[in-house]
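Written out below as structure tokens is the structure these notes cover.
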Amino acid sequence: MPLNAAFFATWTPRAQALLRIVTAYLFLTHGTSKLLGVPHVAAFDKLQLFSLVGVAGILELVGGVLLLLGLFTRPVASCCAARWPSRTSSATPAAATCWCRC
């Protein structure tokens with residue numbers, strides 16, 4: 001199969017949608033573990049809602065839902081990715097920031 005413009009025109013939107021859905025799932029998982037306790041993480045048992053981690057959980061939960069629905073993807077990805085540089089062990093920022101460059 002030759003890699004021509006028709007191939008990329010067909011598969012680019014599909015690949016971007018898959019990346020958006022996976023990134024939204026990662027943000028939702030992190031946000032629900034902080035705010036709702038699912039999946040349970042012992043470090044978040046006595047989490048204050050308006051602490052730095054609590055606000056991050058709100059951003060991740062709301063941002064994950066908006067990314068999953070495909071609403072305001074670029075501003076939401078920028079906001080969520082700007083929150084992540086303090087974490088050095090996560091691959092989520094690379095996935096989120098790619099939406100800002102589209």
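Laid out as a table, the results:
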quantity	calculated
Yes/no for Trp84 being assigned to a helix (DSSP H, G or I), at pLDDT below 55 and either in contact with a strand residue (DSSP E or B) (Cβ under 7 Å, 6 or more places away or on another chain) or under 18 Å from Leu28 (Cβ atoms) (or both)	no
Whichever residue in region 1-40 is assigned to a helix (DSSP H, G or I) and of a type in the set (Val, Ile, Thr) and, among such residues, is nearest to Val76 (Cα to Cα)	Thr23
Residue pairs meeting the criteria (Cβ under 6 Å; at least 6 apart or on separate chains; first in a helix (DSSP H, G or I), in region 41-66; second of a type in the set (Phe, Trp, Tyr) and at pLDDT 90 or above)	Glu60/Phe27; Gly63/Phe27; Gly64/Phe27; Leu66/Phe72
The listed residue being surrounded by 10 or more Cβ atoms within 10 Å (Cβ to Cβ), among the β-branched types (Val, Ile, Thr) and in contact with a Phe, Trp or Tyr (Cβ under 8 Å, 6 or more places away or on another chain), out of Val62, Val22, Val53	Val53
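The values are calculated or read from the model by the stated rules, or taken from the named source; none is laboratory data. As the structure is a prediction and not an experimental result, all values here were calculated from the model. Note: ideal-geometry Cβ built from the backbone for every residue, glycine included; neighbour counts use all protein chains shown.
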